Amino acid sequence: MKQVEANDTVTVTLIGTLDNGTVFETVEESAPRVITMGGKDTPKAIQRSLRGMQIGEMRKIRIEPEEGEYGIRRGDLLQIIPQEKFNNKIEAKVGLTLSMNVEQDGITHQVPATIVEIKNENITIDYNHPLAGHPLNYEVTVIEIAKG
């Protein structure tokens, strides 16, 4: 029976959860994910776990933040902004996700940022991805293997 090896193209379904059971991603058979082993589009930890799997096999995979695509939470991605900068355009609430303009290499990008604290007329904005710093748990099932 075929097993997943280096350079194969693997079609999978998966369910991604946090430790508290929150589902953050579901990939069903009607729209499966195609992973190229050795490619850059899938974290190496998932690719390592797929090696040796066979069609129909399900495996539980845990990826620590340091190995995952979202990484660890970074303190340098927190920014304190005076509340007056918002000019009463929004009702600031903890947990609210905003689209913020950030300049990088001379180009302005819109990126999501979450309000994490409101204190003394200041708003703390977190630019970390919401999944950064969390271990990620996956149940991955191989549905097809194309030899590379």
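Numbers below:
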{"item": "Out of Ile145, Ile90, Ile46, Ile107, sole residue that is among the β-branched types (Val, Ile, Thr) and touching a Leu at 6+ places or on another chain (Cβ under 8 Å)", "result": "Ile90"}
{"item": "Filtered residues of region 99-109 (kept if in contact with a strand residue (DSSP E or B) (Cβ under 6 Å, 6 or more places away or on another chain) and either closer than 19 Å to Arg74 by Cα or loosely packed, with under 10 Cβ neighbours inside 10 Å (or both))", "result": "Ser99, Met100, Asn101, Val102, Thr108"}
{"item": "Region 49-74, subset outside any loop (DSSP other than H, G, I, E, B) and within 18 Å of the chain's Cα centre (by Cα), residue farthest from Thr141 (Cα to Cα)", "result": "Ile63"}
{"item": "Count - residues of region 95-148 that are more than 30 Å from Ile15 (Cβ to Cβ) and part of a loop (DSSP other than H, G, I, E, B)", "result": "4"}
{"item": "Inter-residue pairs, beta-carbon under 7 Å, first of a type in the set (Lys, Arg) and in region 83-103, second not in a loop (DSSP other than H, G, I, E, B), 6+ apart", "result": "Lys93/Ile115"}
{"item": "Region 8-41: number of residues that are among the hydroxyl-bearing types (Ser, Thr, Tyr) and farther than 23 Å from Gly148 by Cβ", "result": "4"}
{"item": "Which numbered condition Glu121 fails, given (1) under 19 Å from Phe24 (Cβ atoms); (2) in contact with a helix residue (DSSP H, G or I) (Cβ under 7 Å, 6 or more places away or on another chain)", "result": "(1)"}
{"item": "Residue, farthest from Glu25 (Cα to Cα), within region 61-98, restricted to residues that are exposed (fewer than 11 other Cβ atoms within 10 Å of the Cβ) and at pLDDT 90 or above", "result": "Pro82"}
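The values are calculated or read from the model by the stated rules, or taken from the named source; none is laboratory data. Note that this is a predicted model, so its numbers are computed, not measured. Quick reminder, even Gly has a Cβ in these numbers, built from the backbone with ideal geometry, and neighbours come from all protein chains shown.
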